[in-house]
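The values are calculated or read from the model by the stated rules, or taken from the named source; none is laboratory data. Because the structure is a prediction, the values reported are computed rather than measured. A quick note on method: Cβ atoms are made from the backbone with ideal geometry, for glycine too, and the neighbour counts reach across all protein chains shown. The accessibility values were calculated without ligands, DNA or RNA, using every heavy atom of the protein model including side chains. Shrake-Rupley method; radii C 1.70, N 1.55, O 1.52, S 1.80 Å.
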Amino acid sequence: MSAPDGRNHAAPRPQAELTLPAEPLAEGKALPLVFKAPRRGKPAPHWIDLSVDERVAAVKEMGLPAFRAKQISKHYFERFETDPTTWTDLPAAAREQVADKFFPELISPVNEQRCDGDTTVKTLWRLHDGALVESVLMRYGVRRDDPTGERSHVRNTLCISSQAGCGMACPFCATGQGGLQRNMSAGEIVAQVMHAEQVLAAGDLPGGVGQVNNIVFMGMGEPLANYKAVMSAVHAISDPAPDGLGMSRRGITVSTVGLVPKINQLTAEGLPITLAISLHAPDDELRDELVPINTRYKVDEVLDAAFAYAETTRRRVSIEYILIKDINDQVERARLLAKRIKERGDWGWAHVNLIPLNPTPGSKWTASRKSDEQAFVKTLENWQIPVTVRDTRGQEIDGACGQLAAQGAEDPEA
């Protein structure tokens, strides 16, 4: 809006006139925020962890010609082949050497659970130091009454972890309540993707042969707290083959609870990936309790950083909002959320993704009533805010949003 001096000034921030729930949100003592991951034994370096130039230098150090680097990358990134001992176009004497130096086993499967007609697959992985993480592969577009055959509209989304555990301590999230064990390497992160590509290439899911179309960094961990490894993984996933998997950057989503300095750093990268903000409350009073990072970076700071990202990349930001019965699902909060989005820009820069709360062991909370969910949606629509309600897939195998806890009870070595 224009002031008398002719300059444009930002509209005043809406003031929340909302009340907190009568009972404390968290049960027992709240966990501390942890920004610096504990130092534990690093995984062995992997081909994924090297830049293109480093790959060339590494093979030359082994006494191999430079072109072998591209040859190795073709096997790995184009054909999803992970065992160099079977690569007959490499000299026989070099195969074991390449396998030992560049292709250590970074993650090993502990167990696998399937649901939704075998179209949702959760895998529990053990890292080299015994830490456990999970990934979830979801196939969309397969009719339950006819799950056979390949269809062009089938989509494959993979939810991957970037840390073992999480240090952000959100009380409604099973991962956050487990605490942070350590950061994952780029190799460990991308290894989850490679396994999914192999599963899909083999046609092991209903709907036939396929490839991963979308990757969401929404598994265990706060991705931006492991910034360097996550960005290396993003490049390995999206750089053109044979130097990477060649996936469209528009199919990659990186989620954050709101680490403002890291959002700004991501903005400076200029990559057209999707940024997802786990907001869950539009007012500081409630968000301080639901998302403890809000005690450091308030709602306005987070939304300002998100808007700057949208302006720079021209990629619409996803506002993630878990709906919790009688906690954050009031129409007044929907209205405040809409105001805070609209005051920053009216060009559809943000899309609200509502997520019915998924149950976690011991939690007293539950998803909102359908009537309250519908009223929340209607309020946002009345404000012309793009909004969807996420499909709660994987609930029965604890594979839905907020449920990943990497429990290894079924593993005899756990």
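Descriptive notes on the structure:
- For the chain, the solvent-accessible area with a 1.4 angstrom probe is 44 square angstrom per residue.
- Using the Cβ of Asp288 as centre and a radius below 15 Å, the other residues enclosed give a net charge of -2, where K and R count +1 and D and E count -1.
- Among (i) 76, 49, 33; (ii) 74, 54, 45; (iii) 55, 50, 48, the entry derived from the coordinates for Cα extents along the principal axes in Å: (ii)
- Calculated FRET value between Glu285 and Ala93, using beta carbons and R₀ = 60 Å, to 0.05: 0.35
- Of the residues Gly207, Gly179, Ala233, the one whose Cα sits farthest toward the positive end of the charge dipole of segment 136-250, with +1 on the Cβ of Lys and Arg and -1 on the Cβ of Asp and Glu, is Gly179.
- Taking a straight line from the alpha carbon of Lys339, these lysines sit under 21 Å away, with near neighbours fewer than eight places off in the same chain left out: Lys298, Lys378.
- Exposed loop sites here are trypsin sites (Lys or Arg not before Pro) assigned a DSSP state other than H, G, I, E or B and surrounded by at most 10 other beta carbons within 10 Å; excluding them, the longest clear run of the chain is 145-313.
- Relative contact order computed over segment 268-353 (Cα-Cα under 8 Å; 6+ residues apart), in percent: 38
- R0 of 51 Å, Cβ-Cβ distance Asp83-Arg296: FRET efficiency to nearest 0.05: 0.70
- Apportionment of accessible area to carbon and sulfur, the chain, percent (1.4 Å): 48
- Working from Cα pairs under 8 Å separated by at least six residues, relative contact order for segment 201-329 is 21 percent.
- With contributions of -39500 (n - 2.57) from each DSSP H run of at least four residues, the per-residue ellipticity at 222 nm computed over the chain stands at -8500 deg cm²/dmol.
- Pairs of Cα atoms nearer than 8 Å and 6+ residues apart set the relative contact order; for segment 99-248 it is 21 percent.
- Nearby lysines by direct alpha-carbon distance to Lys70 (threshold 27 angstrom, same-chain neighbours under 8 apart not counted): Lys42, Lys60, Lys101, Lys228
- Applying a DSSP loop filter and a limit of 15 other Cβ atoms within 10 Å to the GluC sites (Glu not before Pro) in segment 245-311 leaves nothing.
- Top of Gly258, Gly165, Gly246 by mean-square fluctuation, Gaussian network on the chain, Cα under 10 Å: Gly246
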